[in-house]
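The values are calculated or read from the model by the stated rules, or taken from the named source; none is laboratory data. Nothing here was measured: the structure is a model prediction, and the numbers come from that model. With ideal geometry, Cβ positions are generated from the backbone for all residues, glycine too; neighbour counts draw on all protein chains shown.
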Amino acid sequence: MKLFKSKRSAGLMASPYIAWAIIFIVVPLCMVFYYGLTSADGGFTFDNIATIMKPGYIKALKRSIVLAIISTLVCFLLSYPLGMILASMKLKKNAYIVTLFILPMWMNFLLRTLTWMTLLEGKGVINTILEFLHLPTLNIINTNGAIVLGMVYNFLPFMILPIYNALNRIDENVINAARDLGAGTVQTFLRITLPLSMPGILSGITMVFIPALTTFAISTMLGGSKILLIGNIIEQEFTQLYDWHLGSGLSIVLMIFIILNMIIENLSDNGGNN
Amino acid sequence: MKRRIVSCLLTAAMVIPMLTGCGGSDLSKYPNGKLYVYNWGEYIDEEVIDEFEEEYGIDVVYDMFETNEIMYAKLAQDNSAYDVVCPSDYMIQKLIEHDMLKELNFANIPNSANIGEQYFEQSKDFDPENKYSVPYCWGTVGILYNQTLVDDVVDSWDILWNPKYNGQILMQDSVRDAMMVALLKNGYSLNSTNPDEIAVATADLITQKPLVQAYVVDQVRDKMIGGEAALGVIYSGEAIYTARENPDLVYVVPKEGTNVWIDSWVITKESKNVENAEKWIDFMCRGDIALKNFEYITYSTPNDVAKENIEDEDIKNSKVAFPDLDSFPTESYKYLGYEADRLYNDAWMEVKSADY
């Protein structure tokens, strides 16, 4: 069934979205490239992009990548078993459980991160309870650990949902067939479940890795501004130092990483289909 | 069918306030237009804004910033975004040099006579002819410490490098204030543009980093009150408030000296509501309003009428709120130009990205 009678009306219907995409995606992107590739006096330059190689900047970029990878890995290790449990329940109930995971997202992300700050502080809620129970206190606020915790907490739903969806879509008959043909639990998992859930895993990884790589709010709040990520540097260039050229140049570097991530995802996605 | 009625009602509920919002009700309540004010966070008694709106029939749009640098970036991007702003000394100098401020017409700000002559004199450091700015608050920068957690004598910036207080120190998260501490500690000028001196200060801040609990701005106050940290770098204006909330907290100006700063009201070059902005500055200079603000934010007021009327004798004669500036070396921040700005920013970036 055709939704729109002619190509023309389809184009007409799509025009608001195309206009939206041009105004809010294409134009800003062009501006980022314009600023990133020019200097303050307007001349063309690669200096802004090359700045990433300076010691302070490259250190922040490396740190961001490491923390983003750790967070993505932790999210994956937490989400996959959970996705399997949810998918295996096959009850109406799991709709509620999935809602439970989305529920915190109804609250503002900054507020939730701020809450972690008050929970983890030296004299915060968690330590007060630990002290009351005469247990050793927890000192992870303003460390890399706290930032990873914040990232995992905030981005976990983005990993759970695609993995759960992918697992839920696997036809039970395929698994039963594998069992009939003599595959054990491990073999079924490795050769049937895992490959079939790959698209979910990949989109989950992208959806966690990219925001984790670019965040600056989490590192400011839970890192006490002591741990500088590449997102913090870009934010500072725009808000504190008023250097749009350098800020845009560094954003372009970050974009390269994001595009790389998406290429890898696309390649393995196609591989899966073949 | 029922669902359609509900959705109609919802749409109506959303649209009607929008229509009235754009319509006449604003005009009847605020016949004299709008005023865009940009001030530091927690830097006014919010009741004062309501009083101003009522008295002059002006709709005030009030925004806040955390550091001078953020304020500058905003104004550089769109000068007319705000009418009246309250930056600090060195930033006012930078704004003047970049032709971003409007000369004030003091005939329309008669209450500026309430401001002590010495503060206008001091303002000449950054506004040489007193043409652009009217002082709002002033003060020093010092160390706030918790008596129950610190048993050394606190009289020098050096204590912020004492390993005994590992993880108990709060530093300011702004370039100039952080660099100031390290520069003064080494006996340099806080306006130093000497790359060697800046390098020494930078190395010092990097050595200090493992001891620092966090780099924060407005949160120093709450963290100190809550007993989260033992020592913190803070503006003198917070001292009265914090001591009131937690009697263990004491404010000290180190013997190496400090930055004496003034925050002043200025009007932006491309302001669209100059008249209203002048009314605002005049209102802020009124004795009773300045007193009300002082009692709320506890930052030292340059307003002589307000100071005269402070009821609490202890505060009126407080050496913290109104320090004797001859008792320790003082200096004010100056705008150091583009090159030095970059030097400071790179140094600060090096400190912030250092491993520890």
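Using the structure shown, decide if A:T220 is hydroxyl-bearing (S, T, Y) and over 20 Å from B:K352 (Cα atoms). No: the conditions fail for A:T220. When B:I262, B:I234, B:I289 are checked against the criterion of being touching a residue at least 60 places away in the same chain (Cβ under 8 Å) and farther than 23 Å from B:P110 by Cα, a single residue qualifies: B:I234. Residues in the range B:75-84 that are surrounded by fewer than 18 Cβ atoms within 10 Å (Cβ to Cβ) and of a type in the set (D, E, K, R): 1 in all. Scanning the range B:91-123 for residues that are exposed (fewer than 14 other Cβ atoms within 10 Å of the Cβ) and assigned to a helix (DSSP H, G or I) returns B:E97, B:A107, B:P110, B:A113, B:E117, B:Q118, B:E121.
In the range A:190-274, counting only helices (runs of 4 or more DSSP H) that sit wholly within it, the ones holding 3 or more residues that are facing another protein chain (nearest Cβ under 10 Å) and over 22 Å from the mean Cα position of the chain (by Cα) span A:230-239. Close contacts from the range B:207-220, counting a first residue that is more than 9 Å from chain A (Cβ to nearest Cβ) and of a type outside the set (A, V, I, L, M) and a second that is buried (at least 17 other Cβ atoms within 10 Å of the Cβ) and assigned to a helix (DSSP H, G or I), with Cβ to Cβ under 6 Å and a gap of 6+ residues or different chains, come to B:Q208/B:W161. Can you say whether B:F106 is within 22 Å of B:D288 (Cα to Cα), of a type in the set (A, V, I, L, M, F, W, C) and more than 21 Å from the chain's Cα centre (by Cα), as far as the supplied structure shows? So B:F106 fits the description; yes. Out of A:A60, A:A40, one residue alone is within 14 Å of another protein chain (Cβ to nearest Cβ), part of a loop (DSSP other than H, G, I, E, B) and either within 21 Å of A:S251 (Cα to Cα) or touching an Asp or Glu at 6+ places or on another chain (Cβ under 7 Å) (or both). It is A:A40. Scan the range B:326-347 for residues that are under 19 Å from B:D99 (Cα atoms) and either surrounded by fewer than 16 Cβ atoms within 10 Å (Cβ to Cβ) or acidic (D, E) (or both) and jot them down. Answer for the range B:326-347, where residues must be under 19 Å from B:D99 (Cα atoms) and either surrounded by fewer than 16 Cβ atoms within 10 Å (Cβ to Cβ) or acidic (D, E) (or both): B:G337, B:Y338, B:E339, B:D341. Restricting A:N176, A:N154 to those that are without any contact (Cβ under 8 Å) to a residue 12 or more places away in the chain and either in a helix (DSSP H, G or I) or crowded, with 19+ Cβ neighbours inside 10 Å (or both) reduces the list to A:N176. If you go through the range A:211-229 and keep only what is touching a residue at least 24 places away in the same chain (Cβ under 8 Å) and touching a Lys or Arg at 6+ places or on another chain (Cβ under 8 Å), you end up with A:K226, A:I227, A:L228, A:L229. Of the residues making up the range A:73-81, none is out of contact with any Leu (no Cβ under 7 Å at 6 or more places or on another chain), more than 14 Å from chain B (Cβ to nearest Cβ), of a type in the set (S, T, N, Q) and buried (at least 17 other Cβ atoms within 10 Å of the Cβ).
Quick one: how many residues across the range B:38-92 are acidic (D, E), in contact with a strand residue (DSSP E or B) (Cβ under 9 Å, 6 or more places away or on another chain), within 19 Å of B:G237 (Cβ to Cβ) and more than 14 Å from chain A (Cβ to nearest Cβ)?
Going through the range B:38-92 one residue at a time, the tally reaches 3.
Pairing each residue of the range A:110-130 that is of a type in the set (S, T, N, Q) with any residue that is crowded, with 18+ Cβ neighbours inside 10 Å, provided the two are 6+ apart or on different chains, yields C-beta distances under 6 Å for A:T113/A:G150; A:T113/A:I218; A:T113/A:M221; A:T118/A:G124. Consider the range A:110-120. How many of its residues are within 13 Å of A:T220 (Cβ to Cβ) and within 17 Å of the chain's Cα centre (by Cα)? Count: 2. Quick one: would you say A:I233 is crowded, with 23+ Cβ neighbours inside 10 Å and touching a residue at least 40 places away in the same chain (Cβ under 8 Å)? Yes: the conditions hold for A:I233.
This table checks each residue for (1) at pLDDT below 95; (2) over 26 Å from B:C86 (Cα atoms).
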{"position": "B:S192", "(1), (2)": "no, no"}
{"position": "B:P195", "(1), (2)": "no, yes"}
{"position": "B:I198", "(1), (2)": "no, yes"}
{"position": "B:D204", "(1), (2)": "no, yes"}
{"position": "B:V217", "(1), (2)": "yes, no"}
{"position": "B:E228", "(1), (2)": "yes, yes"}
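For the range B:290-310, state whether one or more residues are among the charged types (D, E, K, R) and within 14 Å of chain A (Cβ to nearest Cβ). Within the range B:290-310, none of the residues are among the charged types (D, E, K, R) and within 14 Å of chain A (Cβ to nearest Cβ).
Residues that are assigned by TED's automatic domain parsing to the domain that holds B:F120 and part of a helix (DSSP H, G or I) do occur in the range B:264-275.
Yes or no, residue by residue, for (1) within 18 Å of the chain's Cα centre (by Cα); (2) touching a residue at least 12 places away in the same chain (Cβ under 8 Å); (3) buried (at least 23 other Cβ atoms within 10 Å of the Cβ):
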position	(1), (2), (3)
B:Q168	no, yes, no
B:M171	yes, yes, yes
B:R176	yes, yes, yes
B:M180	yes, yes, yes
B:S189	no, yes, no
B:I198	no, yes, no
B:A201	no, yes, yes
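Scanning the range B:326-356 for residues that are within 15 Å of B:W261 (Cα to Cα), within 20 Å of the chain's Cα centre (by Cα) and part of a loop (DSSP other than H, G, I, E, B) turns up B:S332, B:Y333, B:K334, B:Y335.
Here's the yes/no breakdown for (1) polar (S, T, N, Q); (2) in contact with a helix residue (DSSP H, G or I) (Cβ under 8 Å, 6 or more places away or on another chain); (3) on the phi > 0 side of the Ramachandran plot:
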| residue | (1), (2), (3) |
| --- | --- |
| B:F294 | no, yes, no |
| B:I297 | no, yes, no |
| B:A306 | no, yes, no |
| B:I310 | no, yes, no |
| B:N317 | yes, no, no |
| B:V320 | no, yes, no |
| B:D324 | no, no, no |
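Filtering the range B:292-309 to residues that are part of a loop (DSSP other than H, G, I, E, B) and either in contact (Cβ under 8 Å) with a residue 40 or more places away in the chain or buried (at least 18 other Cβ atoms within 10 Å of the Cβ) (or both) leaves B:T298, B:Y299, B:T301, B:P302.
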